[in-house]
Amino acid sequence: MINIIVEPELLLGGTFGLVMLILYGLRFAKPEIANDGDVFITTLGLIYSSIIIVHGWRLDPVLFFSQFLLNSITFYFLWLSIRQRDTIRRLKS
């Protein structure tokens, strides 16, 4: 049975899925910044977000907070990586 309830877990999984789709769209918007490993990371991120959306109702508050922190750290390092790629691209040209 699939049980999708409108709770914070839906927002968490949806946000993570949206960020992963934006990362995948980076391949088409700025191909010089995109990396070949982004497709793999995007696929894993979409699988993760779908699991959180479908089974998020099972998360107790402490586990939800840990998933929130994990997503925050992931977003930070993703943003940092993209900025570094852009800086390296500018220095090479």
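Rule-based calculations on the coordinates, nothing more; no lab input. From a predicted model like this one, the values you see are computed outputs, not experimental measurements. Methodologically, a virtual Cβ is constructed for each residue, glycine included, from the backbone with ideal geometry; neighbour enumeration extends over all protein chains shown.
Answer with yes or no whether residue 85 is part of a helix (DSSP H, G or I), more than 18 Å from the chain's Cα centre (by Cα) and surrounded by 10 or more Cβ atoms within 10 Å (Cβ to Cβ). Criteria not met by residue 85.
Restricting attention to segment 30-79, the residues that are of a type in the set (D, E, K, R) and either surrounded by 11 or more Cβ atoms within 10 Å (Cβ to Cβ) or within 19 Å of residue 18 (Cβ to Cβ) (or both) total 2. Looking only at segment 8-50, residues that are assigned to a helix (DSSP H, G or I) and either basic (Lys, Arg) or in contact (Cβ under 8 Å) with a residue 24 or more places away in the chain (or both) come to 20 in all. Within segment 51-72, the set of residues being among the charged types (D, E, K, R) and outside any helix (DSSP H, G or I) comprises 60 only.
The one condition from (1) exposed (fewer than 12 other Cβ atoms within 10 Å of the Cβ); (2) in a helix (DSSP H, G or I) that residue 5 does not meet is (2). Contact annotation: residue pairs with Cβ atoms under 7 Å, 6 or more positions apart or on different chains, pairing a residue in segment 59-78 that is more than 18 Å from residue 38 (Cβ to Cβ) and in contact (Cβ under 8 Å) with a residue 12 or more places away in the chain with a partner that is among the polar types (S, T, N, Q) and surrounded by 13 or more Cβ atoms within 10 Å (Cβ to Cβ), are 59/67.
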